[in-house]
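A.B. asks: Handing you a structure now.
The values are calculated or read from the model by the stated rules, or taken from the named source; none is laboratory data. Bear in mind that the values here come from a model prediction, so they are computed numbers and not experimental data. In this analysis, Cβ positions are derived from the backbone assuming ideal geometry, glycine residues included, and neighbour counts consider all displayed protein chains.
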Amino acid sequence: MLGRRKGSRLSNRRPGIALFVLMTALIVLSLGMKELFQMTSSSAERVRNSVDRIQALYLARSTLNLSRFFIAYDRVADSTAGANAASDSLSDLWARPIPFPVPVELLLGEKEKNDEDGAEAEKPADSREEIPDDQKSKITRCNEFFEDFGGTAVSTTYDLSGRLSLNDLGHASKLSLETLFALLTPNTEFVQKLQSKNLNAEAITREIRDFGDRDEIELETNAPEDSPYSAAQLSYKPKNRPYMILDELKLVPAMDDELYEYLSDKVNPYYIPLRSGPDKINLNTCSKELFAALLKDASNPEEISAEFVKDRKEKQRVYKDADIAQLLQDNLRLDKDNIRLSLLTGKSDAFKIETEASVNQTELKLETIVSRAGGVKKMEPIVLMRVSP
């Protein structure tokens with residue numbers, strides 16, 4: 001009787017134990033499947049990101065090369081006009097943002113007229129020329145080629161010759177140094193703002209020069225160039241080598257964020273090899289503030305510079321090396337005693353191309369310097385920075 005009861009209890013427990021083992025196995029299997037699914041999804045996502053980054057890189061390079069083509073094309077066009085008739089201005093093809101895939105307008109070689117605010121002048125529909133059949137065929141093939149090409153990119157070219165070169169500040173002529181000082185003292189209000197922050201324009205000018213020149217002694221006082229760094233208890237000294245990137249300006253002791261932003265689009269920090277003497281400033285692309293800084297012994301530089309920009313825009317004035325002095329005299333009543341003529345030119349030999357490419361969630365940026373200095377025939381690009389998340 002007793003044996004039968006024990007057997008009955010054991011037989012009743014076995015289904016419960018089996019069910020427990022089965023549930024445990026299912027849970028373990030579910031967790032394993034979940035982990036496997038997550039690993040597979042992560043691997044697939046990494047593969048997709050890698051593909052997107054490669055495609056974004058090719059997009060950026062293609063757009064960059066297209067911008068380089070427009071710079072080279074413009075240079076060839078200038079060479080046919082002769083040295084004195086050559087010029088680079090904001091109305092040239094290289095100055096336009098270049099998108100990729102390439103729009104039909106660029107394929108056809110049409111040049112829309114843009115004002116400085118970026119508004120486009122539309123042609124009336126009835127005045128547009130009929131597209132030839134051979135061009136229609138090319139456009140169709142291009143559209144088919146880019147149809148499955150995901151992502152977009154755009155390159156914007158900036159003329160570095162329209163800015164003041166930081167690596168020319170130590171030049172024996174001192175004209176670039178005088179221009180930087182004038183750039184830091186555009187008006188009384190600006191000077192007072194510097195003084196309110198215990199900043200002195202002359203001291204800042206020297207610190208910017210001394211950071212990038214090759215000696216260790218301040219020329220005016222024969223004092224060590226690292227004195228401002230020691231006074232500010234900084235752990236580094238002046239670089240005493242050429243500037244390479246704009247962010248190096250932030251290492252100058254007297255530099256603050258507001259002053260850095262003010263100078264960022266008016267100075268050129270990039271070292272261009274094979275260049276002899278100070279870099280000349282292109283009047284066709286320089287800013288109003290920089291033109292005012294090029295003036296000397298002028299009682300109203302802000303008014304003159306505003307008149308200069310207005311005249312350049314409204315009259316579509318293009319300055320060429322052969323007629324710079326005459327045009328400044330005729331249109332602005334400026335002569336060699338009123339402006340630093342030896343720093344002026346109408347041509348450019350260095351450009352910065354900023355390229356942004358986007359494919360799905362991946363974004364990539366290239367910052368590239370293209371130069372053609374010292375008689376160099378090739379325009380090999382220097383990629384300074386690549387950023388991609």
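A.B. asks: Can you pull out the residues in the stretch 287-302 that are part of a loop (DSSP other than H, G, I, E, B), acidic (Asp, Glu) and either surrounded by 16 or more Cβ atoms within 10 Å (Cβ to Cβ) or at pLDDT 90 or above (or both)?
C.D. replies: Selection gives nothing.
A.B. asks: Turning to a different aspect of this structure: Based on what the data block shows, is LYS313 closer than 20 Å to TRP94 by Cα, surrounded by fewer than 22 Cβ atoms within 10 Å (Cβ to Cβ) and among the basic types (Lys, Arg)?
C.D. replies: When the stated conditions are applied, LYS313 passes them.
A.B. asks: Just to be sure, is LEU59 out of contact with any Asp or Glu (no Cβ under 6 Å at 6 or more places or on another chain), outside any helix (DSSP H, G or I), within 23 Å of THR368 (Cβ to Cβ) and at pLDDT 85 or above?
C.D. replies: no
A.B. asks: Does any residue of the stretch 258-275 turn out to be over 25 Å from the mean Cα position of the chain (by Cα), part of a helix (DSSP H, G or I) and in contact (Cβ under 8 Å) with a residue 12 or more places away in the chain?
C.D. replies: No, because not a single residue in the stretch 258-275 is over 25 Å from the mean Cα position of the chain (by Cα), part of a helix (DSSP H, G or I) and in contact (Cβ under 8 Å) with a residue 12 or more places away in the chain.
A.B. asks: Exactly one condition in (1) surrounded by 11 or more Cβ atoms within 10 Å (Cβ to Cβ); (2) at pLDDT 50 or above is not met by LYS113; state its number.
C.D. replies: (2)
A.B. asks: If I ask for residues that are farther than 23 Å from LEU183 by Cα, among the aliphatic types (A, V, I, L, M) and in a loop (DSSP other than H, G, I, E, B), which ones from the stretch 201-254 would you list?
C.D. replies: ALA223, ALA232, LEU234 - these are the residues of the stretch 201-254 that are farther than 23 Å from LEU183 by Cα, among the aliphatic types (A, V, I, L, M) and in a loop (DSSP other than H, G, I, E, B).
A.B. asks: Considering GLY162, GLY170, which residue is modelled with pLDDT of 90 or more, surrounded by 11 or more Cβ atoms within 10 Å (Cβ to Cβ) and either farther than 22 Å from ILE369 by Cβ or among the small types (Gly, Ala, Ser) (or both)?
C.D. replies: Just a single option satisfies the conditions, and that option is GLY162.
A.B. asks: Here's something else I'd like to know. Kindly evaluate ALA182 against the criterion of being in the same structural domain as TYR243 (by TED's automatic domain parsing), at pLDDT 75 or above, buried (at least 19 other Cβ atoms within 10 Å of the Cβ) and under 30 Å from ILE353 (Cα atoms).
C.D. replies: Judged against the criteria, ALA182 is a match.
A.B. asks: Another question, if that's okay. Kindly establish whether SER305 is surrounded by fewer than 18 Cβ atoms within 10 Å (Cβ to Cβ) and small (Gly, Ala, Ser).
C.D. replies: no
A.B. asks: Let me ask something else about it. Being acidic (Asp, Glu) and part of a helix (DSSP H, G or I) is the filter here; which residues of the stretch 308-348 pass it?
C.D. replies: ASP311, GLU314, ASP330
A.B. asks: To continue, here is another question. Are there any pairs, at least 6 apart or on different chains, whose C-beta atoms fall under 9 Å, with the first in the stretch 317-333 and in contact (Cβ under 8 Å) with a residue 60 or more places away in the chain and not assigned by TED's automatic domain parsing to the domain that holds LYS288 and the second in a loop (DSSP other than H, G, I, E, B) and loosely packed, with under 15 Cβ neighbours inside 10 Å, and if so, which?
C.D. replies: The qualifying pairs do not exist here.
A.B. asks: Could I ask something else about it? Report yes if some residue within the stretch 190-211 is aromatic (Phe, Trp, Tyr), under 28 Å from the mean Cα position of the chain (by Cα), over 27 Å from PHE351 (Cβ atoms) and not assigned by TED's automatic domain parsing to the domain that holds SER371; otherwise report no.
C.D. replies: Yes, because at least one residue in the stretch 190-211 is aromatic (Phe, Trp, Tyr), under 28 Å from the mean Cα position of the chain (by Cα), over 27 Å from PHE351 (Cβ atoms) and not assigned by TED's automatic domain parsing to the domain that holds SER371.
A.B. asks: Continuing with the same structure: Just give me the residues in the stretch 79-98 being buried (at least 18 other Cβ atoms within 10 Å of the Cβ), of a type outside the set (Phe, Trp, Tyr) and part of a helix (DSSP H, G or I), in sequence order.
C.D. replies: Result: ALA95, single match.
A.B. asks: Do any residues in the stretch 183-201 that are of a type in the set (Lys, Arg) have Cβ atoms under 8 Å from those of residues that are at pLDDT below 95, where the two are at least six apart or on different chains, and which pairs are they?
C.D. replies: Filtered contacts from the stretch 183-201: LYS197/ASP256.
A.B. asks: It is to be established whether one or more residues within the stretch 236-250 are surrounded by fewer than 16 Cβ atoms within 10 Å (Cβ to Cβ) and under 28 Å from ALA325 (Cα atoms).
C.D. replies: Among the residues of the stretch 236-250, not one is surrounded by fewer than 16 Cβ atoms within 10 Å (Cβ to Cβ) and under 28 Å from ALA325 (Cα atoms), which makes the answer no.
A.B. asks: A further question on this structure: When you scan the stretch 197-235, how many residues do you find that are surrounded by fewer than 11 Cβ atoms within 10 Å (Cβ to Cβ) and either within 29 Å of ILE272 (Cβ to Cβ) or modelled with pLDDT of 95 or more (or both)?
C.D. replies: Here the count works out to 2.
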